[in-house]
1. Which percent, to the nearest 5, of DSSP beta bridges fully inside the range 136-214 are antiparallel?
2. Could you give the angle, 0 to 90 degrees to the nearest 10, between helix 164-177's Cα long axis and the longest principal axis of the Cα atoms of the chain?
3. With unit charges on the beta carbons (Lys and Arg positive, Asp and Glu negative) and the dipole taken about the Cα centre of the range 51-161, which residue among Trp125, Tyr69, Cys51 sits farthest to the positive side?
4. Using the heavy atoms of the protein chains alone and a 1.4 angstrom probe, what is the accessible area of the chain per residue in square angstrom?
5. Taking the dipole about the Cα centre of the chain, with the C-beta of Lys and Arg at +1 and of Asp and Glu at -1, give me whichever of Ser216, Gln286, Ile85 is farthest to the positive side.
6. What is the Cα radius of gyration of the range 152-254 over 2.2 N^0.38 Å, N being its residue count?
7. Considering only DSSP beta bridges with both partners in the range 190-307, what is the antiparallel share in %, to the nearest 5?
8. Mind listing which GluC sites (Glu not before Pro) in the range 178-224 are in a DSSP loop and have 15 or fewer other Cβ atoms within 10 Å?
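The values are calculated or read from the model by the stated rules, or taken from the named source; none is laboratory data. The shown structure was predicted, so the numbers you read here are calculated from the model rather than taken from an experiment. Quick reminder, even Gly has a Cβ in these numbers, built from the backbone with ideal geometry, and neighbours come from all protein chains shown. Accessible surface areas use protein heavy atoms only, side chains included; no ligands, DNA or RNA. Shrake-Rupley method; radii C 1.70, N 1.55, O 1.52, S 1.80 Å.
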Amino acid sequence: MAWDDTVSKVWMNGEMIDWEDANIHAFSHVVHYGTSVFEGIRAYENDKGSCVFRLEDHIKRLFDSAKIYKIDMPYTEEEVCNATIETIKENNFKSCYIRPIAFRGYGELGVNPLNCPVDVMIGAWEWGAYLGDEVMKVGADVGVSSWRKPAPDTLPTMAKAAANYMNSQLAKIEAINHGYSEAIMLDYQGQVAEGSGENIFIVEDETIYTPPLSSSILKGITRDSVMKIAKFLGYDVVEEGISRERLYLADEIFFTGTAAEVTPIKSIDGRTIGIGKRGPITEKLQTTFFEVVENKALDIYEWLTYF
Ligand code: PPE
């Protein structure tokens, strides 16, 4: 029985199989050592049809993540793009979240991954607002975690690797235990990095700041989209190291991510941020982001792949 009855088909190693058959062996390398890289992608329905948001950019990042870990992809980027669309269509989804994943399968055990096969799976399901619908308007209550992001010479955060999320899980569990809906993590030098599954932006005097890639962050595709939208709307966007106390004093703060889209933050560590709800610039960026995916604004960057 599926945890989500709306999902029926899964793409596995070139074939479309039933949900019930999408299983792997318990001795697969990925189970023991977390050997996988993955993507999270959203498809949206609008008046023109259904479309995938920045499909080629996500699949490119999947291949980049694989390259870092010497996971040789047995398919081309184009094949994985096509398979992603095929998976959405097979499940009759109009809007959904898609999860392509490449992992080391069943071969031999031991840390050396190189003798294990590379398996590729693409699954899709319907996923609403990441931190809840209400939060998209009123903002989330979040806390800075005592768990830091790994230093750049430990686990490379530009790879979207499953193992990175063990670190994210520590922060998320701590946040939930403290009554927050999400965690903000600092980098190895104590500067602000990102959320457990989102990038972060702060607004000070109408200028928008976000941590640089050197702060152990994922190179977020929504981050890039929001930076482009903000510049298009005339805002200055600065990538620079951000100290923790700037969070408390910022006028506005928001998260970005495929799952989170543009999510406002209303408090951090019990300090109210700005006006204590979604700020005007956050609202403008959030609205414009949704206008693009809903075909209410011109898709000037050609981010939407219709299917
Ligand atoms: N940082 C992290 C650590 C991260 O996991 C994500 C995406 C981002 C930033 C934003 O990246 P992008 O989606 O390209 O804008 N997190 C994915 C997984 C979330 C999950 O709970 O699982 C996502 O949003 O799909």
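1. Beta bridges within the range 136-214, antiparallel portion: roughly 65 percent.
2. Value to nearest ten degrees: 50.
3. Tyr69
4. Spelled out: the 1.4 Å probe surface of the chain, per residue, equals 46 Å².
5. In the chain, that residue is Ser216.
6. After normalising by residue count via 2.2 N^0.38 Å, the value is 1.07.
7. In the range 190-307, approximately 85 percent of DSSP beta bridges are antiparallel ones.
8. Hits after loop and neighbour filter: Glu206.
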